[in-house]
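Quick notes on the structure that follows.
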Amino acid sequence: MKRFLFQSAVLAAAFLMAAGIYALLIDRESRYDIFDLLRGRSVTAAIGGSGVLGQVGGESDLLRAVPLDLNDTDVLEKVNLALADLTDAVVPSVVSIDTSRIKNVVTAVPADPWGFRYRRQNHRFREPGLGSGVIVTEEGHIVTNHHVVAGVDEILVTTHDGSQYPAEWVGSEPNVDVAVLKIKAPEGTTLPNFRPLGFGDSEKVRVGEMVMAVGNPFGLSESVTRGIISAKQRELSDGANEYFQVDAVINPGNSGGPLVNVRGEIIGINVAIFTGQQNVQVWQGIGLAIPANEVREVFEAIVLGRPLIRGYFGLELENISRNFALAVGLRSLEGAVITNVVEGSPAQAAGLMPGDVITKLDGKVMQSAEDTLTRIRSMKSDEKSKVIILRKGKLMETDVIAMAKSDTNTLRLKSDILTTGQSIVDAIGISVRDLTSAERGSMGVGPDYPAILVSDVEEGSQAERRFQKGDLIHQINRSPVRNVAAFYDLMGSLPMDSATVLTLSRDGKIIQAILK
């Protein structure tokens, strides 16, 4: 024990001696040591200065600390106030979108106490949905995502002041995932002038630019998150559209909400979050937004009737079959086979020929013909693209300059569906009209009960075997038919390759009419 104490004392003495020599040899004013700590000398950060680091024999300006003055926060306060003002200006134009679709579930229930026989029982329930949107006209046009409203039966919009309105779907571009809605006035009322947001030029957006995302995540209305543009030209897949990547928090329910710049302009529509690895269940700081220029093109095509301009090569493509791959020696089915080249097209000018296999566009591997066409359609007029093709077992590279061409193949409009539905009804051979209030009263049909009247049946038509003049149509595939517009809408939306069941009533009896 005595030996241990003696060794400790020797070590302590040696440490103090070394510290003394350090204090004598080193500039005390430019160093902080144990003696300063024992005397309670304060530590001050060295900021600024123009002296030489480590200067001996004189005072170094660099090592002369300048205390940081945190009392002047004018700049921070101005930024804070500007962000709050921006939020106040943007939020009134953002709406919450609540949707519902009717689901039919068929279950088997026992028909006797012993369970020997079963019967089918139909259950109907409403499946709710949630999204966001932004008002872009004073009349109440709303831009949102196509996937928010696709296939729904009812759309309700809640505005900033808490007012709730029904809304109708006007049209969509599914490939871009953009839809346009229109707020409807409840019966007996008129709509106010809404406060719209304008579109900015997404081509001028720079990486690092500050943005705000506004929406209704998880039903929490008017939530605002802030971040920056992390990257441009991000994609969900090789054949998808290009997106802005942002680090602003985007959660379920934000879809369809606006991404705005510091001027309060829409520079994107929030569409998705990047989840990365499936086993990672935390926010990873990556959100995606559709650039505003593409959104504006779709909106103008739907509402203003302007042509939707897409890039055009003049190619007809198909996917690579296994037999074709074996015949030409391909090791995978990735890519697209050129089946036809339009005369006088950019593709012909670039030397592309039927039988060529497109493997890459601008360095991106093409997965299929659909991916390739999507990439081509996203190009602008006069945009040059490097195309890698396989011809007779050899890879070749050529440049194709895209041209602009009107494209309405993917645009879906409510007006087109109504027109299609009306033409289908005419082809079947029936005429329909809405019931008057007097007719509903005499027939015992309530004012809100779904029903329209078959006013005429064409002789010798398909309808003659299933309908009679005076029949009431109540449902199509269990979807209610409340008026003639809804009837045409449902008929125009039906798949062409499956049977359709219409629920009728005739002389007080329910009848099922099946059409193909």
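Every number in this text was worked out from the coordinates using simple rules, so none of it is lab data. These numbers come from a predicted model, not from an experiment. Because the Cβ atoms are built from the backbone with ideal geometry, glycine has one as well, and the counts that use them run over all protein chains shown.
In terms of modelled amide H atoms, which long-range or inter-chain residues lie less than 5 Å from the amide H of Gly140?
Close amide H contacts, sequence-distant or interchain: Phe194.
Under 18 Å from the Cα of Lys394, which lysines turn up, not counting those fewer than eight places away in the same chain?
Lys360, Lys386
Just rank Phe487, Phe313, Phe324, fewest to most, by other beta-carbon atoms within 10 angstrom.
Ascending number of Cβ neighbours within 10 Å: Phe324, Phe487, Phe313.
For the stretch 377-422, what is the charge dipole size about the Cα centre, in debye to the nearest 20, if Lys and Arg each add +1 at the Cβ and Asp and Glu each add -1 at the Cβ?
Using Cβ point charges on Lys, Arg, Asp and Glu, the stretch 377-422 gives about 220 debye.
Which of Ile417, Ile424 comes first, and how do the rest follow, when ranked by fewest Cβ neighbours within 10 Å?
By the 10 Å Cβ count, ascending, the order reads Ile424, Ile417.
What whole-number volume per residue, in cubic angstrom, does the convex hull of the C-alpha atoms of the stretch 446-516 give?
So the per-residue Cα hull volume is 94 Å³.
Could you work out how far apart the two model spin labels at Ala349 and Asn409 are, taking each label as a point 7 Å from the Cα in the direction of the beta carbon, and quote it in nm?
Label-label distance for Ala349 and Asn409, simple model: 2.1 nm.
Mind listing the long-range amide H neighbours of Asp356? Cut-off is under 5 Å, sequence gap 5 or more, other chains count too, H placed in the peptide plane at 1.01 Å from N.
Long-range HN contacts for Asp356: Ile338.
How far apart, in nm, are the 7 Å Cα→Cβ label points at Ser505 and Lys103?
2.9 nm
Quick one: which residues, 5+ away or cross-chain, put their amide H under 5 Å from the amide H of Val170? H built at 1.01 Å from N.
Placed amide hydrogens put Val180, Leu181, Lys182 under 5 Å from Val170.
Among rounded, prolate and oblate, which fits the stretch 396-516 when a ≥ b ≥ c are the square roots of the eigenvalues of its C-alpha gyration tensor, a/c under 1.5 means rounded, and a/b larger than b/c means prolate?
prolate
Quick one: 3J(HN,Hα) in Hz for the stretch 401-411, Karplus 6.51/-1.76/1.60 with θ = phi - 60°, rounded, Gly and Pro as x.
3J(HN,Hα) across the stretch 401-411, in whole Hz: 9, 5, 10, 7, 8, 5, 9, 10, 5, 9, 6.
Between Glu397 and Asn477, what FRET efficiency comes out of the Förster formula 1/(1 + (r/R0)^6) with R0 = 60 Å and r the beta carbon distance, rounded to 0.05?
Once the sixth-power term is evaluated, E becomes 0.70.
Check the straight Cα-Cα distances from Lys204 and name the lysines below 21 Å, setting aside those fewer than 8 residues away within the same chain.
Partners within reach: Lys232, Lys380, Lys384.
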